[in-house]
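Structure first, then comments.
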Amino acid sequence: MEKGQRKTTPLLLCSHIVVLHLLSLVAETSAKVSAVIVFGDSSVDAGNNNFIPTIARSNFQPYGRDFEGGKATGRFCNGRIPTDFISESFGLKPYVPAYLDPKYNISDFASGVTFASAATGYDNATSDVLSVIPLWKQLEYYKGYQKNLSAYLGESKAKDTIAEALHLMSLGTNDFLENYYTMPGRASQFTPQQYQNFLAGIAENFIRSLYGLGARKVSLGGLPPMGCLPLERTTSIAGGNDCVARYNNIALEFNNRLKNLTIKLNQELPGLKLVFSNPYYIMLSIIKRPQLYGFESTSVACCATGMFEMGYACSRGQMFSCTDASKYVFWDSFHPTEMTNSIVAKYVVLRVLYQFLQ
């Protein structure tokens, strides 16, 4: 093998073959996903925060250096994020545009749009920390989007599009790491378990609101192993740079609540197809056995020292960033690389979201 050439593992090769088969099924099946509509945080924000007054931004180098044209779009990644890969897997566009980006209009959004905002959460108090878009505001944007879609497609076709669209939710990490375990407010009001119930209640109300607006296909995203993020490992000096078990246990507990919520709502809301998309175990597998997926570094990120930087701190250290992000599990101290995002997205599509093709 030539120097610099990446080795393709059997696991990755098998994954690519299965995904190609899945894409052929997309073309053959009569069932379809008309659009990918996204709510959430930085894991799925494609640049909405560029257009609001907040420091929670990534519209500068080295972010986006591996995106089409080498452009920093506002995605917290070196390239594409999971929802971009999911959209492509369903035969739609290879990226999902940000709702607030003036470059796009309803003709672009008709097949996919993200209302997500980096640093937000289920809890309004989480979005207040860095003055970002709260979940209730994302829902208001969605209502406006539906009106524009009706004007663009006609009311009947717009309703069909919404009913056939896959609505993706990806948030919750910030509620714990940015809010509950960092700010003084919520921890004095709730035990960790009570706070989980509080957040799950917000998630339930949000899904009921989506259902009331015509959504029938919904993916509720779970939490990753939060304690294994480089930032948390770096600040866990007593743990010797190991994953922080307390945060991982919280993620597991909360994921169990969300899974139970999907069972409950599927029983209560006629015609709803709600699934739980859990990234926890595939992310933990990548972090614990990176070599199986072609990675070389998992405990530090590509950006600068790979321990503390994200957002503007990553920008300041850009000259020290790694040369090949595909060898790293994490891009900055909080967010995965494009390569990791692609693996997680393929896993979720093949394990969970494939149901929407049947």
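Quick notes
- The eigenvalues of the Cα gyration tensor, multiplied by 5 and square-rooted, give region 30-351 an equivalent ellipsoid with semi-axes of 29, 23, 18 Å from largest to smallest.
- This model, with +1 at the C-beta of Lys and Arg and -1 at the C-beta of Asp and Glu, gives region 30-351 a dipole about its Cα centre of some 580 debye.
- Separation in nanometres of the label points that stand 7 Å from Cα toward Cβ, at residue 354 and residue 213: 3.1 nm
- Two-decimal Rg to Rh for region 56-113 - Kirkwood Rh, Cα set: 0.97
- In order along region 94-100, the Karplus-derived 3J(HN,Hα) couplings, from 6.51 cos²θ - 1.76 cosθ + 1.60 at θ = phi - 60°, round to x, 8, 10, x, 7, 4, 8 Hz, and Gly and Pro are given as x.
- Across region 136-217, Cα-Cα pairs farther apart than 15 Å form 65% of the total.
- For region 325-334, the Karplus equation 6.51 cos²θ - 1.76 cosθ + 1.60, evaluated at θ = phi - 60°, returns couplings of 5, 5, 8, 10, 5, 10, 7, 10, 6, 10 Hz by residue, with Gly and Pro reported as x.
- Checked against a 30 Å cut-off, the cross-linked pairs 93/159; 288/346; 71/273; 273/346 give Cα-Cα distances beyond that limit for 71/273.
- Longest to shortest principal axis, alpha-carbon extents of region 50-172, angstrom: 42, 35, 24
- Fraction of beta bridges assigned by DSSP in region 30-351 that are antiparallel (%, nearest 5): 5 percent
Here, each number is a calculation from the coordinates, and none is a lab measurement. Treat the numbers as computed from the prediction; the structure is a model and nothing was measured. Glycine also receives a Cβ, built like all others from the backbone with ideal geometry; neighbour counts cover every protein chain displayed.
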